[in-house]
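Notes follow once the structure below has been shown.
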Amino acid sequence: MAFESNFVTFIGNLTDDPDLRFTQGGAAVASLRVASNRRWTGKDGQQQEETTFLNVNCWRELAENAAESLHKGDRVLVIGRLRVRSYENKDNQTVWVTEIEADEIAPSLRWARASVSRTSGGSSGGGTNNDFAPPPPSDDDVPF
């Protein structure tokens with residue numbers, strides 16, 4: 001197996017509740033939008049701020065758990081792979097999108113508390129190598 005180097009960790013707040021949908025094949029997919037603010041002091045001594053918005057996609061059990069557990073405004077940590085894709089919009093213009101295909105999503109405990117409850121049917125990881133989620137369905141099965 002080749003070394004996977006396309007990993008990113010992104011921390012921010014959800015801009016909306018997760019949007020849970022299902023593909024025609026029955027696979028759950030959730031879309032999340034995460035905003036992260038960066039603040040700094042400029043050369044002139046004035047406070048500056050920049051906000052980065054990223055779309056996050058997660059699949060199967062992770063999608064269902066995220067949709068049930070997370071809400072607008074929640075601070076989250078997302079670990080996954082950056083994905084760049086393009087599509088044609090209504091005006092036949094090519095639109096490029098950078099997003100994260102999530103392997104892990106967790107609530108941030110910096111300014112909040114969370115309780116954990118296991119779901120049935122999930123893998124406990126005992127004896128198998130489940131470090132990475134299986135790849136998402138083919139593009140033919142994506143509901144957007």
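Only the coordinates and a few stated rules stand behind these numbers; no lab work does. Since we're looking at a predicted model, the values are computed, not measured. Positions of Cβ are backbone-derived with ideal geometry, glycine not excepted, and every protein chain shown enters the neighbour counts.
Assorted remarks:
- Taking a Cβ cut-off of under 14 Å around Ala67, the surrounding Lys, Arg, Asp and Glu residues balance to a net charge of -3, with basic ones at +1 and acidic ones at -1.
- Whole-angstrom gap from region 32-55 to region 62-79, using each part's C-alpha centre: 22 Å
- Each DSSP beta bridge with both residues in region 8-109 is either parallel or antiparallel, and the antiparallel ones are about 95%.
- Net charge in the neighbourhood of Asp17 (other residues with Cβ under 14 Å of its Cβ; Lys, Arg +1, Asp, Glu -1) is -2.
- The mean sequence separation of alpha-carbon pairs under 8 Å and at least six residues apart, normalised by the residue count of region 8-109, gives a relative contact order of 30 percent.
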